[in-house]
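Undergrad: A single structure is presented below for examination.
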Amino acid sequence: MTTENLNCANCPVHNAANLIKLGVDMTNYDYVIALAGNPNTGKSTVFNSLTGLKQHTGNWPGKTVARAEGGYSFSDKRYKIVDLPGTYSLLSTSTDEEIARDFILFGQPDVTVVVVDATRLERNLNLVLQVLEITDRAVLCLNLIDEAARHKITIDERLLSKNLGIPVVPTAARQNVGIQELLKSIQEVASGSFICKPHRISGEIKNVSHAVEELNKKIMEEFPGLPNTRWIALRLLEGDQKIIDAVRSGEIGSLINREFQTVES
Amino acid sequence: MTEINKNKRELILASANKYRWDIGENLHDSIIESIYKDAEEISSKVVSRDGSKPKFDVDAFVDKLVTSRWTGFPLMFVILAVVFWLTITGANYPSAMIASFLIDTAHPWLKQIVAGAGIPWWLDGVLIDGAYLAMAWVISVMLPPMAIFFPMFTLLEDFGYLPRVAFNMDSLYRKVGAHGKQALTMSMGFGCNAAGVIAARIIDSPRERLIAIITNNFSLCNGRWPTQILIATIFIGGLVSPVFAGAASAAAVVLIAILGIVFSLIVSWGLSKTVLKGEASTFSLELPPYRPPRILQTLYTSLIDRTIFVLWRAVVFAVPAGVVIWLVANIHIGGLSIAEAFINWADPFALFIGLNGVIILAYVIAIPANEIIIPTVLMLTVLSSKLSGVGGGTGVMFELDNAADVASVLQAGGWTVLTGINLMLFSLLHNPCSTTIFTIYKETKNVKWTVVSTLLPVLLGIMVCFFVTQLWRIFA
């Protein structure tokens, strides 16, 4: 559907920076956005409403079998958006989880949007917390807020945002509710006008804090400027083969480059 | 310089290794524990529920009903039957209307224009009687049932019913050594086998994925629903009094669909016990919450994504098939047309397994698309039994305004209830369409498995038709 009949979203006062759906046109993008989330949270619906693409959405898990990509333009910036397969975690190893994790880590998206089901927040937060361990530029898309209302669940999104340290946007993507706000939050995080202070897991520090700190120091020495050294230290301690290989080959260092590039340009 | 770096990196890894020994195995668990703890803490702070817990949870109640050991399967069959019944009874009238416009009105009109333009008779035959009528027939027969069936199917999908079907089927698939997710790909196959084959990517294990791909053809695809529905209406509906005809034909179609599921289980079992040995791997299937379907959007997307898409494909394949039919009916070799020669040649074997030469030839011509089986069968029947007063001449595909007309043509061609039943069975058990075969090759990258997936169902179909015919001749 190319014509959206949204009352507020069409009003120029409300919406100075208009969304232009670019479909599969992803040329000359300024920012890369990753779309992560549990299966069946409406990720593909969010993807479709941003890009105008019609990736088939169905109410069942596992239907996004491959990575889908699309583009949109919002307030003069062009965005490339990557729909990752739905996963419950980024820890254990299934193909889906590896694709999602590798993209968030090595693909270095400018913003990772985590779509969560507002009616099942607690379980969905497990993935959010894991994403926040890897990246510090994220936006939480609190989707299916209409469903939550139907189940008489209310969520204090300001408090949630404060706890997670990232913007939280309530949406009902199927009804196109909250998409404008989501775009704005993505833009703020991408441009750096909103600085995320992501929540970091507290519990595990108790018995391994010494080891993490020591490793962290060494990694920072070897790869100055690497954004997520603490997470890498933890992965090394867990014996994550993929990360071990990336450190051994120095590939992990490539994550720094982009940071320097942004500084230079 | 790089050497030094490399050493430094190895040092990091070595110290990580050392620490890992000190910390022990529990790190992974304790990280997960703390993630869960933090998630719980945060959500307990920000989520509030309306104090009074509802006495009656609709979602839980529905789930109990549709996934229960006792009511799950019967409900599934009832839902399927209702969907087919609505499709069968709802499609008749619009079908006849479209047919009367495209064929009774537009076809003579086109003929007139062409006659005025003075083009040679054979070109007129190929284009108007072959290509145009094939397209007209496909549209009038397929559009109404699809426009009813797909939105209903999409609504069920949108509502969240399909994962429940998968949940019900999961234990059966695991028992036969296949992956539980095969229940999902099977459900996709009910729409389109090529889509079902692609959907098998959600299965990680290559062994189980192959089983899912090979057996997907046992899900009746939308190209075959119209055949099933029409033949059931004529031969099964004709067996009972008109009041129950709709219900009886719907029941017959459901039975064929269930038979397809049974065959997919049997074949999966056979494969996993012989050439694709192995244990079923486990997975977790989340039952998504029920969501009120967005009716208008569903109507729109199912019309655009499914109905028009499938219809377009049918037309694209029907047009060349119409040309081929016209040609085989009009090119003569030694006094007989190619079509008649083939039918005469195939008849002995075909009759032996309870089909006829016409059906065999129709399935050869219709390899590109199952959708055109019925028009091809009708045209060939008229041709081979030399009916006069029906149809528009040699090799002209035509439309008959209602099922009774179709029935009279088929009966004149020597069809019995047995032929009807066997055609329904053969429509379920025969080679996949060429698109699906090509998709299987693209997904497996293996000629051997592509050939197996293509020929196995045909062999099964011949066997099943043969046994049904023998039993029929003994008991009837």
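Undergrad: Residues that are β-branched (Val, Ile, Thr) and under 22 Å from B:Ala250 (Cα atoms): find the helices (runs of 4 or more DSSP H) completely inside segment B:154-232 holding 3 or more of those.
TA: By residue number, B:225-231.
Undergrad: Hey, another quick one. When residues of segment B:333-357 are filtered for being open to solvent by less than 90 Å² (accessible area, probe 1.4 Å), among the β-branched types (Val, Ile, Thr) and either free of Cβ contacts under 8 Å to residues at least 12 places away in the same chain or in a helix (DSSP H, G or I) (or both), how many remain?
TA: Number satisfying all stated conditions: 2.
Undergrad: Select from segment A:100-140 the residues that are within 12 Å of chain B (Cβ to nearest Cβ) and more than 19 Å from A:Leu234 (Cβ to Cβ) and list them in ascending order.
TA: Answer for segment A:100-140, where residues must be within 12 Å of chain B (Cβ to nearest Cβ) and more than 19 Å from A:Leu234 (Cβ to Cβ): A:Val116, A:Asp117, A:Ala118, A:Thr119, A:Arg120, A:Leu121, A:Glu122, A:Arg123, A:Asn124, A:Leu140.
Undergrad: Let me ask you something else. Return the only residue of A:Leu234, A:Leu160 being aliphatic (A, V, I, L, M), surrounded by 14 or more Cβ atoms within 10 Å (Cβ to Cβ) and either modelled with pLDDT under 80 or touching a strand residue (DSSP E or B) at 6+ places or on another chain (Cβ under 9 Å) (or both). Walk me through how you get there before you give the answer.
TA: Details: A:Leu234 fails: either modelled with pLDDT under 80 or touching a strand residue (DSSP E or B) at 6+ places or on another chain (Cβ under 9 Å) (or both).
After applying the criteria, what remains is A:Leu160.
Undergrad: Still on this model: Across segment B:59-113, which residue is least open to solvent (accessible area, probe 1.4 Å) among those that are within 30 Å of B:Ala245 (Cα to Cα) and of a type in the set (S, T, N, Q)?
TA: B:Thr87
Undergrad: Okay, next question. Can you name every residue in segment A:23-40 that is at pLDDT below 85 and either in a strand (DSSP E or B) or open to solvent by less than 10 Å² (accessible area, probe 1.4 Å) (or both)?
TA: Taking segment A:23-40 and keeping what is at pLDDT below 85, we get A:23-28, A:39-40.
Passing the criteria: only A:Gly23.
The values are calculated or read from the model by the stated rules, or taken from the named source; none is laboratory data. On a predicted model such as this, the values are computed, not experimentally measured, just so you know. All Cβ positions, even for glycine, are placed from backbone atoms using ideal geometry, and neighbour counts span all protein chains on display. These accessible areas exclude ligands, DNA and RNA; they are computed on the full protein's heavy atoms, side chains included. Shrake-Rupley method; radii C 1.70, N 1.55, O 1.52, S 1.80 Å.
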